[in-house]
Structure formats: C-alpha cells, structure tokens
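Written below as structure tokens is the structure these notes are about.
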Amino acid sequence: MQVHGMNKFHFMVSLTIALTGCKPQGGQDAAAPDESTGVAPEGTSQGPGSQGTQIRSLQFDGEQYSLQRAYVRGAQTINEYYRAGESAAAWRLVLTVSDSRGALDLKAFVKTYTDSLKAGLAVDKDIYEYGQDTQIVYSYQAAADRTEIAMLRAQLIPNLGIRSYLFIVKVPAAEKANTPQYTAKRDQWLNQITTLAVVPVPSM
C-alpha cells in the first residue's frame, strides 16, 4: 500500500470543504453542480457547509448513470447509480454516493473500508490524501472468476459527517484481457471523482 500527497498529482484539485462540525446545514455559498453530470462548474469551489445537489442522473467517465436505489441504513443515507440496462442484481459498473452522519474520523472511516475489501482476493491499493479532510482509495482486486477495480473518495463535510463516492468496475474472468483499459484510467477517475458534488436522497 502506498500513501500519496497532493503533490503527486499532475492536475489541480480544489479542496471543497473545511472541517467545522457535524450538524446538517444547507450550502448557500457554493455553486451548484450541473444537474446532468453531478459536477461543480469549472472555476468554482465549494465553501464550508457546501453539500452539493440532489441528482437523479449523472455522468462519470463519459457514461450516464441513473439513480436506481435510495435507502437509509442506520446513520447512513445511500444512493446507487447504474447504467441503462444494469441494476443491483446485474451490473458491471456502479457509482454509490452515501452520507455517514456524525462520522468525524476520516482515517478510521477509510481504514474500515480498506479492511472490508474482499477476503481471498489479491488486493493492491493506494491511498491519496488531500489535506486533512479528503482521502481517495484506489483498489485492484483479482480473483479466479473476476477482477474488481474501485475508487473511493471519502470527504469530511462540515456540520454533517463523511460523504463518500464509490465507483466500482467488475470485470468477469472471461473478459480479463479488457482489464488494462480500466486500470489505465486511474488518473482520469481521480480527477473526475474529486469534482462530484451530489447529496444522497433518503428515498426515491
């Protein structure tokens, strides 16, 4: 496992928050993301208290995803976005946005995630740190029947807790030869996942 700082990147990323607390609050001082992509407009930044926008569909890596599942589990609000023709029962790519209300320890949150990576799979992971309030985890897991490539962005949101964005690609063993086309997109995904600004909804 490797841990990287911001100076490892060849692109500029604006930090979107400052740690101030954990009580929910609206974000009037932030530019709203594009309704179709979930991405904040270029040249704008999210200020303290910003939470993004509730979005039913968004784009990631050039593909369109629509919200298909929205639910609350304990202190978490979880939204799952899938491509057309895919669902929770059968998917190749999925993007999940979740809020963990009251969570304040970013490193502990990320450790819980990395510890949960599937046992029995060969795991390679890198952690990228953006100051004190954002971490991104890239993981590559290979098993006999599939390969899973994932990217998690975990971010402290003022007056809320931790918001996470998790993008997963699942490649069946029969298509293992296609894996490099996804691993080659690591930097592209890093750039895109830092710009997402979506607020998960409790139900559809």
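No lab work stands behind these numbers, since they all come straight from the coordinates. Remember, it's a predicted structure, so these values are computed and weren't measured experimentally. Glycine gets a Cβ as well: all are built from the backbone with ideal geometry, and neighbour counts include every protein chain shown.
Among the conditions (1) of a type outside the set (Gly, Ala, Ser); (2) touching an Asp or Glu at 6+ places or on another chain (Cβ under 6 Å); (3) closer than 19 Å to Ile78 by Cα, Gln141 misses just one, which is (3). When the strands (runs of 3 or more DSSP E) confined to the stretch 117-164 are screened for residues that are more than 18 Å from the chain's Cα centre (by Cα) and free of Cβ contacts under 8 Å to residues at least 60 places away in the same chain, those reaching at least 2 such residues are found at 122-130, 146-157. Of the residues examined, Val199 is one that is more than 24 Å from Ala142 (Cα to Cα) and of a type in the set (A, V, I, L, M). Pairing residues of the stretch 184-204 that are closer than 14 Å to Leu95 by Cα with residues that are basic (Lys, Arg) and buried (at least 21 other Cβ atoms within 10 Å of the Cβ), at Cβ distances under 7 Å and at least 6 apart in sequence or on separate chains, gives Ile193/Arg153; Thr194/Arg153. Entry remark, the stretch 71-95: residues being touching a residue at least 60 places away in the same chain (Cβ under 8 Å) and surrounded by fewer than 17 Cβ atoms within 10 Å (Cβ to Cβ) number 5 in total.
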